[in-house]
Each structure stands twice: as C-alpha cells, then as structure tokens.
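Asks: Have a look at this one before I ask anything.
The values are calculated or read from the model by the stated rules, or taken from the named source; none is laboratory data. Keep in mind that this is a model prediction, so the values were computed, not measured. Here the Cβ positions follow ideal geometry from the backbone for every residue, glycine too, while neighbour counts run over all protein chains shown. Calculation scope for accessible area: heavy atoms of the full protein, side chains included, ligands and nucleic acids excluded. Shrake-Rupley method; radii C 1.70, N 1.55, O 1.52, S 1.80 Å.
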Amino acid sequence: MLAFPPDSRFISAEKIEDICYQRLADQVPTPFYAYSASQIRADFSALKNSLPDDIHYFYSLKANPNKALVRLLNQAGTGCEVCSLAELETVLSQGVEPQDIIFVGPGKYIAELTQCCRIGIKAVVIESIEEMKLLNDIAASMGVIQTIALRINPDFIGEKAKLVMSGKPRQFGIDEQLLPQAFSCVGQQSHLRLAGIHIYLGTRILDWQALAKNTLNILSLAESLQNTYKIHFDFVDVGGGFGVRYFDKEKALDIDSLGDALADIIRTYHENFPRCKIIVELGRYLIARAGVFVTRVNYLKPSRDEWFAVCDGGANCHGSAAGINSLIRRNFPMARLGETRSDQQYRYQVTGPLCTPTDLLGENVMLAELRPGDLIGIGHSGAYGASASPVNFLGFGHPAEILVEKDQAFLIRTADNIETLLAPQICQPLSVANA
Ligand SMILES: *Cc1c(COP(=O)(O)O)cnc(C)c1O
C-alpha cells in the first residue's frame, strides 16, 4: 500500500501543511477542496529542475481554473493555456501577461477570437482552416496582426495515452494531410502571423519513454514543416499529458529519465532551429498532487454484508474519483482524516448524497474505523475536481475551496448556497410574438 497520498510531501492523513483538517472543517462547511501552496511550488520546481532549462511551461486551466491557483502558478513561472472566455478573463484578472497566454479549443467563436485580438495574446491556436479565416477577418476589422499557431492532428498517435487525441478523425487540430492547404491559406491571411505549431497527443502518460518518443515525433514534424515551407517557428508546443500515479499498481513518472531524454532530443533539434522555443502545457501534473477533497461521513449503514459510509459530498463534487469519464473506475488514494483511533482497518463502500448508484467514491476501500461525523480525504484531487463534476446535479452546488500555506489558510471560493443556486432561475418574458 502506498502512503496517503503518494508523492504529496505536504499532505498527510493528519494535516495539510501545518493545519489539521478539523480546523478547516470548523470554519468551512464540508465538503470542500483544500490545496497546499507548498506542494504546488514543489511539484513545479522539481519538474523544472529535472527537465532541460529551455522548456517553457503553460498551465492548462482546464485542470483547475481557480484564480488563486492560477496566480500562484503564474508567479512560479508558468504561462497559461485557456479554452474559454471565462478562463481568459480569469488569467487576465490575475495579472498574467498577454505574451504568456495561448488560447486553444475547437469551437472558439467570434467573442472569444475578438477578445484574443484585442488583448494581443501570444497565440491563438488554430484548430481548422475555417477558424483561421474567421480570425483573420476579425483581426483585419480591428486593424491588428494576431499571432497564431496551427494545432495539428498528426498521422502518428500518442503513445501510452489514456485518451487518444490524434491519428484518427477528430474535432481537434488540422489533419496532417490538410497541412499543404493550411500553409497556403496562412500565406493568404493578411492579418495573421504564423508563429508555431501545437500538438497534444493525450493525457495521463506515466511512461517517460512514451513522452520522449511523442516529443521526438512532434519535433521531427516541426523540422520537416519548417524545411518544406521555408519558415522559422518561434515555438513548438509539444503538448504534455504528464500523468501522476493514483493507484497502487501505477509507477510515478520518472522525470529525471524524461529530462535526460528530452535534453538530447531538444539539443539535436536546436542545432537546426536554435531560437525555436519548446512549450510544454500541463494541467494535471502541476496541480493534482496538491489537492485533497474533504467529505464528511453522515451515515454508516450496513446493507447485506457491506458497510456504506454515506458522505455529504460525492460524485457531484468529485466526478473523477467516482469514475465519470473513465472506462473503468478505480479508487483514488483515500484515508480517514485526523488522528488515528486504532490501526484496525475495515472495508467500506464510500458513497455520496446522490440518488444514483454511480455516486461511489470508494469501492471496497480499507479505511480506519469510521464513525458518523468523521472526515474522509481523497488525495491527488487538485486536478479535474469540482470544475469537471456535475456540481448542480440534485442541487448541491459547487463546494468551497481553501488554499493552505504553512499555518495559514485562505478561503479561495465560497460554496454555493440556496440563494446562488436558485437565483438564475427566473421567468422573464421574451419578445417572440410575430410582428
Ligand atoms: C486537457 C488538455 C491539456 C491538459 O492535459 P493534462 O493531462 O491535464 O496535462 C493540455 N492541452 C490540451 C490541448 C488539452 O486538451
């Protein structure tokens, strides 16, 4: 059994940094997410120290868009990768420089593209020829030149990725076969400047050799495109998809071996393209290990020969732990929080408050003896937590979020309440009558 949680130095079953969970639960209603600032910094600096110096990191807000976390990561040195107007405004509100923002996403539309041009972000990552033309029209109407990168759906596929993003028909990126058209189209756009390419091959990759191979494939394609089209890219965004280990049988990503492999690959690439920057964009790897989801046991009930710990927050707050969006659900690292009462462990089914059997946070998990009122923690919950969960299902709303550093804690998001949940439901007449 791995320690709870594995690979999180600043989080244990007793404390997050210097603070006991019960102290947080005294002030903030459960369920909530708590994040360790020191863990976020430690994970990023360990990565930076292991990988070659000339890599630039962009944080994918999709993994966790909380403003305080975005600010922390940006101050630690990451740029930001955003995919919606709200994510763009989030990073701007935290003082992220336009030159440190890229905008990705297959459905970017007029309001989003207009805002990108107004701000003049580092690059709009173009996902189709149609989008390229629309962006050019918008930039032209505003009298600006917008920098772009082409997102490519390459013929090769991501090795060892949990979700395959390329090598087959996809809404993401421009098919490799269509690149001749795409490059000739870029040449005709008066208000766009092509600065690079972007390839994202998949997520949750734990095998450093697979990541090195993916990077090599991407840089080889970048090299041949620059040679074919007689162009120099400012940057190549090689995606990311670095995984963290959640389960007993997984092995943590070996960032030292990855670093050595990437150093060779990038050195070779830089012999021909010395000024081209390499961008890695990461969500999960930068934030997952820093978060704990804290939920409270409301009932302990036997059913047939099993014990159910029914908690106040379940799949509605933490869909990933419940296996939403995964083919198979496996238990996240989980523990009873607080001081141990005894070393004895018991088998539990940990469920939430929803009226559906899929609201299962832990199946047959071995935990210290539980009593009603106890807190349960789910580790590695910093990424794809509340924002990737059906928080409005059955009307429970978004849980609170807390940032902890040493012996200080900050409420960084209030929980929804009845008022905030019901306010958007109105009955306002629309003028739809025929003239
Ligand atoms: C989801 C996504 C990411 C982040 O993926 P992680 O596995 O969380 O690092 C980065 N880039 C793109 C284009 C994505 O779709």
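Asks: List, please: which pairs have Cβ atoms under 6 Å, are six or more places apart or on different chains, and start with a residue in segment 409-433 that is within 30 Å of residue 70 (Cα to Cα) and end with one that is at pLDDT 95 or above and of a type in the set (Asp, Glu)?
Replies: Note: pairs meeting the criteria are 412/401; 413/401.
Asks: Output the residue which, of all residues in segment 69-78 that are touching a helix residue (DSSP H, G or I) at 6+ places or on another chain (Cβ under 8 Å) and surrounded by fewer than 21 Cβ atoms within 10 Å (Cβ to Cβ), is nearest to residue 387 (Cα to Cα). Lay out the reasoning, then the answer.
Replies: From segment 69-78, those touching a helix residue (DSSP H, G or I) at 6+ places or on another chain (Cβ under 8 Å) are 69-70, 72-74, 76-78; that's our starting set.
With surrounded by fewer than 21 Cβ atoms within 10 Å (Cβ to Cβ) added as a condition, the list becomes 74, 76-77.
Values: 74: 20, 76: 23, 77: 24 Å.
The qualifying residue nearest to residue 387 (Cα to Cα) is 74.
Asks: Something else now. Quick test of your reading of the structure: residue 342 fulfils all but one of (1) in contact (Cβ under 8 Å) with a residue 40 or more places away in the chain; (2) surrounded by fewer than 14 Cβ atoms within 10 Å (Cβ to Cβ); (3) within 30 Å of residue 14 (Cα to Cα). Name the failing condition by number.
Replies: Condition (1) is where residue 342 drops out.
Asks: Has segment 60-67 got at least one residue that is more than 26 Å from residue 106 (Cα to Cα) and either under 17 Å from the mean Cα position of the chain (by Cα) or within 14 Å of the ligand (Cβ to nearest atom) (or both)? Before you say what the answer is, go through the steps one by one.
Replies: Here is the first cut: in segment 60-67, the residues more than 26 Å from residue 106 (Cα to Cα) are none.
No: zero hits.
Asks: Any residue in segment 254-263 that is acidic (Asp, Glu), at pLDDT 95 or above, under 30 Å from residue 325 (Cβ atoms) and touching a Gly at 6+ places or on another chain (Cβ under 6 Å)? Walk me through it before giving the result.
Replies: As a first pass, look at segment 254-263 and keep what is acidic (Asp, Glu): 254, 256, 260.
Subsequent filtering for residues that are at pLDDT 95 or above retains 254, 256, 260.
Subset that is under 30 Å from residue 325 (Cβ atoms): 254.
Cutting the leftovers down to touching a Gly at 6+ places or on another chain (Cβ under 6 Å) gives us none.
No, segment 254-263 contains no residue that is acidic (Asp, Glu), at pLDDT 95 or above, under 30 Å from residue 325 (Cβ atoms) and touching a Gly at 6+ places or on another chain (Cβ under 6 Å).
Asks: Filter segment 265-297 down to residues that are among the aromatic types (Phe, Trp, Tyr) and touching a residue at least 60 places away in the same chain (Cβ under 8 Å) and give me whichever is nearest to the ligand (Cβ to nearest atom).
Replies: Taking segment 265-297 and keeping what is among the aromatic types (Phe, Trp, Tyr), we get 269, 273, 285, 293.
Of the ones still in play, those that are also touching a residue at least 60 places away in the same chain (Cβ under 8 Å) are 285, 293.
Numbers: 285: 6, 293: 17 Å.
That would be 285.
Asks: Which of the residues spanning segment 158-208 are open to solvent by 40 Å² or more (accessible area, probe 1.4 Å), in contact (Cβ under 8 Å) with a residue 40 or more places away in the chain and among the aliphatic types (A, V, I, L, M)?
Replies: If the condition is that a residue be open to solvent by 40 Å² or more (accessible area, probe 1.4 Å), in contact (Cβ under 8 Å) with a residue 40 or more places away in the chain and among the aliphatic types (A, V, I, L, M), then 163, 178 are the ones that fit.
Asks: Only one of (1) among the β-branched types (Val, Ile, Thr); (2) more than 23 Å from the chain's Cα centre (by Cα); (3) outside any loop (DSSP other than H, G, I, E, B) fails for residue 144. Which number is that?
Replies: Of the numbered conditions (1) among the β-branched types (Val, Ile, Thr); (2) more than 23 Å from the chain's Cα centre (by Cα); (3) outside any loop (DSSP other than H, G, I, E, B), the odd one out for residue 144 is (3).
Asks: Which residue, of 384, 346, is within 23 Å of residue 303 (Cα to Cα), among the hydroxyl-bearing types (Ser, Thr, Tyr) and at pLDDT 95 or above? Before you say what the answer is, go through the steps one by one.
Replies: Details: 384 fails: within 23 Å of residue 303 (Cα to Cα).
Every option except 346 fails the conditions.
Asks: Tell me which residues, restricted to segment 209-236, are hydrophobic (A, V, I, L, M, F, W, C), within 16 Å of the ligand (Cβ to nearest atom) and touching a strand residue (DSSP E or B) at 6+ places or on another chain (Cβ under 9 Å).
Replies: As a first pass, look at segment 209-236 and keep what is hydrophobic (A, V, I, L, M, F, W, C): 210-212, 216, 218-219, 221-222, 225, 231, 233, 235-236.
Cutting the leftovers down to within 16 Å of the ligand (Cβ to nearest atom) gives us 210-211, 218, 235-236.
Those that are hydrophobic (A, V, I, L, M, F, W, C), within 16 Å of the ligand (Cβ to nearest atom) and touching a strand residue (DSSP E or B) at 6+ places or on another chain (Cβ under 9 Å): 211, 218, 235, 236.
Asks: If only one of 154, 106 is within 15 Å of the ligand (Cβ to nearest atom), in contact with a Phe, Trp or Tyr (Cβ under 6 Å, 6 or more places away or on another chain) and touching a residue at least 40 places away in the same chain (Cβ under 8 Å), which one is it? Even if it seems obvious, please write down each step before you answer.
Replies: Numbers: 154 fails: in contact with a Phe, Trp or Tyr (Cβ under 6 Å, 6 or more places away or on another chain).
None of the others qualify; the one that does is 106.
Asks: Conditions first: (1) open to solvent by less than 10 Å² (accessible area, probe 1.4 Å); (2) over 19 Å from residue 197 (Cβ atoms); (3) not polar (S, T, N, Q). Residue 109 passes all but one, so which condition is the exception?
Replies: (1)
Asks: Answer with yes or no whether residue 124 is modelled with pLDDT of 95 or more, open to solvent by less than 10 Å² (accessible area, probe 1.4 Å) and assigned to a strand (DSSP E or B). Let's see the steps before the verdict.
Replies: Working: modelled with pLDDT of 95 or more: yes; open to solvent by less than 10 Å² (accessible area, probe 1.4 Å): yes; assigned to a strand (DSSP E or B): yes.
Here the answer is yes, as residue 124 does meet what is asked.
Asks: Further question: Which condition breaks for residue 156 when tested against (1) modelled with pLDDT of 95 or more; (2) within 23 Å of residue 231 (Cβ to Cβ)?
Replies: Here residue 156 meets the rest and fails (1).
Asks: Does residue 58 satisfy the criteria of being surrounded by 17 or more Cβ atoms within 10 Å (Cβ to Cβ), under 28 Å from residue 264 (Cα atoms) and not assigned by TED's automatic domain parsing to the domain that holds residue 340? Full working, then the answer.
Replies: Values: surrounded by 17 or more Cβ atoms within 10 Å (Cβ to Cβ): yes; under 28 Å from residue 264 (Cα atoms): yes; not assigned by TED's automatic domain parsing to the domain that holds residue 340: yes.
It is true that residue 58 is surrounded by 17 or more Cβ atoms within 10 Å (Cβ to Cβ), under 28 Å from residue 264 (Cα atoms) and not assigned by TED's automatic domain parsing to the domain that holds residue 340.
Asks: Something else now. Looking only at segment 364-381, count every residue that is open to solvent by 20 Å² or more (accessible area, probe 1.4 Å) and either polar (S, T, N, Q) or at pLDDT below 95 (or both) and tell me the total.
Replies: Total meeting the criteria: 1.
Asks: Please return the ranges of strands (runs of 3 or more DSSP E) entirely within segment 1-111 where 2 or more residues are farther than 29 Å from residue 152 by Cα. Working first, answer last.
Replies: Working: elements: 32-36, 55-60, 79-82, 101-103.
Filter on segment 1-111 gives 32-36.
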